[in-house]
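The values are calculated or read from the model by the stated rules, or taken from the named source; none is laboratory data. Small disclaimer: the values here were computed from a predicted structure and weren't measured. Here Cβ is always computed from backbone atoms with ideal geometry, including for glycine, and neighbour counts include all displayed protein chains. Calculation scope for accessible area: heavy atoms of the full protein, side chains included, ligands and nucleic acids excluded. Shrake-Rupley method; radii C 1.70, N 1.55, O 1.52, S 1.80 Å.
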Amino acid sequence: MDESIKYEEAIQQLETITRKMEAGEYDIDELTEQLKTAQQLIQLCRDKLTKTDAEIKKILEKSE
């Protein structure tokens, strides 16, 4: 997974995958690959949120 992808782009990709899964647009082979991609995107988003949270806390601690 490309680490340079923006959070918003990852969310959009997840929404697209979810919509297509719900609509039954993937065959079984595509479904497996899309699930793997979704897992990677979720992890990427989680990592970005954790990193951002840590940076915000660090900034707030410096300002006190």
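At a glance:
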read-out	value
Residues within the range 40-64 that are open to solvent by 100 Å² or more (accessible area, probe 1.4 Å) and under 14 Å from residue 3 (Cα atoms), tallied	2
Candidate set: the range 10-29, residues that are of a type outside the set (A, V, I, L, M), in a helix (DSSP H, G or I) and touching a helix residue (DSSP H, G or I) at 6+ places or on another chain (Cβ under 9 Å); chosen: the one surrounded by the most Cβ atoms within 10 Å (Cβ to Cβ)	13
